[in-house]
1. For labels at E2 and K559 in the simple 7 Å Cα→Cβ model, what's the distance in nm?
2. P(r) of the chain in 10 Å steps, Cα pairs, percent per bin?
3. For I88 and K172, FRET efficiency with R0 = 35 Å and r from the beta-carbon atoms, rounded to 0.05?
4. Over the chain, what is the relative contact order in percent, taking alpha-carbon pairs closer than 8 angstrom and at least six residues apart?
5. Give me the distance between the Cα centres of the range 238-293 and the range 1-31, rounded to whole Å.
6. So if R0 is 60 Å, what FRET efficiency would V58 and Q339 give, r being the distance between their Cβ atoms, rounded to the nearest 0.05?
7. Report the full-extension gain for the segment R208 to L484: residue separation times 0.36 nm, less the Cα-Cα distance, to one decimal in nm.
8. So which helices of the chain fit the span-like rule, where a helix is a whole DSSP H run, its Cα atoms reach 27 Å or more along the axis, and its mean Kyte-Doolittle is at least 1.6?
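The values are calculated or read from the model by the stated rules, or taken from the named source; none is laboratory data. Note that this is a predicted model, so its numbers are computed, not measured. Positions of Cβ are backbone-derived with ideal geometry, glycine not excepted, and every protein chain shown enters the neighbour counts. Side chains are part of the model used for accessible areas, which takes the heavy atoms of the whole protein and leaves out ligands, DNA and RNA. Shrake-Rupley method; radii C 1.70, N 1.55, O 1.52, S 1.80 Å.
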Amino acid sequence: IEIYSLHVDCKVTSRFAHTVITSRIINRANESREATFEVEIPKTAFITNFSMSMDGGVYPGIIKEKAAAQKEYDTAVSQGQSAGLVKITDRKLEQFHVSVSVAAASKVTFELTYEELLKRQLGEYELLIKVQPKQLVKHFQIDVHIFEPQGIRFLETDSTFMTNELTEALTKVQNETKAHILFKPTLDQQKRNSELDETLLNGDFVVRYDVKREATAGDIQIVNGYFVHYFAPQEMPVFPKNVIFVIDRSGSMTGRKIEQTRGALLKILQDLRPEDHFNFITFNNKVVEWKSSLLPATEENVASAAALVLTLTARGGTDIGGALLAAVGLLDGAQRLPQRSVSMIILLTDGQPTSGERRVEVIQENVQKAINGKYALFCLGFGFDVSYKFLEKMALSNGGIARRIYENADAALQLQGFYQEVATPILTKIEMQYPENSIEGLTKNNFKLLFEGSEITVAGKISNELDLLPVEIRAQSHTSNLTLKEEANVKEKEQVFQNQRYIFGNFIERLWAYLTIQQLLEEAISAQEEDQKALEAQALDLSLRYSFVTPLTSMVVTKPQQQEELANKPTEAG
């Protein structure tokens with residue numbers, strides 16, 4: 001079985017990435033063989049299309065409601081014989097896998113399309129393409145086209161498998177608003193060495209970039225009556241933060257996990273700013289407060305906290321509820337904290353509650369009542385023994401986010417990376433306001449916090465003939481209350497994309513649908529049961545209308561022998 005052509009074609013238009021992977025395979029044997037198409041795609045992406053073409057026939061994947069797709073499925077498959085085409089493979093990726101029997105000397109073409117909105121983190125967008133052909137490929141090519149009307153501020157490519165020879169196969173052409181990256185290694189350049197037919201191409205191909213930002217009230221783009229508004233203010237003063245680290249030191253954290261936690265916390269302590277206040281709570285079946293109140297992050301206090309971190313050992317049970325309520329109590333009772341500051345609790349745990357209150361619903365309810373919208377709660381789940389659903393619901397109900405920390409060599413870096421994302425709050429209580437009677441289907445437009453290096457994205461549909469789209473942003477910064485205003489000229493904005501060759505026409509509408517689905521699914525996690533059903537019904541409707549494989553839909557792939565397979569979108573919570 002030979003892959004004679006593999007093409008990854010990616011078009012990024014104003015942060016929205018549309019990627020098509022085409023693999024052409026020939027069976028050079030004189031009997032039929034199994035051809036496999038296996039690619040890894042970002043977890044944040046939604047598959048939108050898949051097809052197999054062979055012997056003159058095209059076999060498309062059809063996206064249906066998950067329950068309906070499952071019903072159509074015969075019992076053999078429902079017993080798990082060939083069920084999952086998609087599974088999570090690591091913290092950023094999931095794998096799509098399909099195989100089909102190819103007759104002697106016949107060819108098959110696989111084509112997979114997926115879309116995602118690139119999210120700005122720590123000042124850059126990252127486009128990740130996983131490269132793993134597992135053999136030498138005669139025609140191998142990656143094309144990345146980027147069009148950013150705001151202008152490209154910087155652009156870099158990075159790869160885990162580059163050699164000097166391979167670098168020669170990489171070209172980058174760039175002007176003010178557009179870039180084209182082409183990676184087209186010859187067979188010789190792909191070889192690990194001249195004697196063996198082993199490929200060097202195995203790993204990540206990454207494009208990182210950021211855009212220029214002139215306007216204070218963000219940037220608005222409009223196509224076919226849909227708009228997107230990006231807001232990432234520059235050079236804002238950073239809020240002092242009051243942070244309580246709630247660290248699990250129960251028996252299951254023993255060994256590598258507690259070592260990595262110690263390593264990460266030592267680094268994080270160094271990153272505290274002098275105007276920050278902090279405290280530690282460690283817990284097993286006992287909840288221990290390091291100090292009775294929050295301390296300013298002076299050199300002395302940081303050194304004394306580092307000494308505590310070095311002594312962390314793991315044993316005993318897990319009283320998550322007790323530890324979180326203690327953290328809220330410390331913040332509630334805090335004196336002399338800076339007038340305008342941001343308070344947050346960062347929980348790191350690797351297990352289920354086994355001591356104190358064990359019922360997760362009760363813990364969730366108690367914590368939400370206690371926090372009462374005053375502080376943000378971030379939950380980090382270490383490994384796979386945690387109830388990720390529980391942590392995610394708790395974080396989303398309390399203005400934070402949850403993240404799974406994967407147990408591998410870079411766990412300490414994952415912890416630090418997460419901390420860096422939330423370490424510099426620059427705005428709170430952000431309201432993005434648009435003319436109510438002229439906008440439909442507005443995505444989330446109120447945000448608790450904005451961190452340095454990230455970005456707020458709001459999209460919607462302009463419902464009547466507007467000439468000017470006025471926007472107003474209200475927010476609080478460390479030093480003042482802000483009101484920012486901007487007017488977008490609808491006709492001028494529409495013009496920007498008119499003459500672009502490689503834009504897929506309705507991309508802002510698709511971006512709007514993608515963002516709406518992501519937000520509905522996230523809202524559903526922390527909603528009451530009846531609201532949850534309504535939110536999921538809306539998300540399902542959009543998933544089907546725009547053909548996205550989301551956690552609510554499945555793609556039915558029918559093979560030539562009428563076998564059916566299902567592609568489902570996995571979620572972190574399983």
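1. 2.4 nm
2. 3, 15, 24, 26, 20, 10, 2, 0, 0
3. 0.65
4. Normalised by residue count, the contact order of the chain is 17 percent.
5. 46 Å
6. Numbers: r = 65 Å, r/R0 = 1.08.
Working from the Cβ atoms, E equals 0.40.
7. Details: separation 276, 0.36 × 276 = 99.36 nm, distance 2.91 nm.
That pair, R208 and L484, stretches by 96.5 nm at full extension.
8. On the way: long enough: 507-526 (29 Å, 0.47).
Qualifying helices, which must be both long enough and hydrophobic enough, do not occur.
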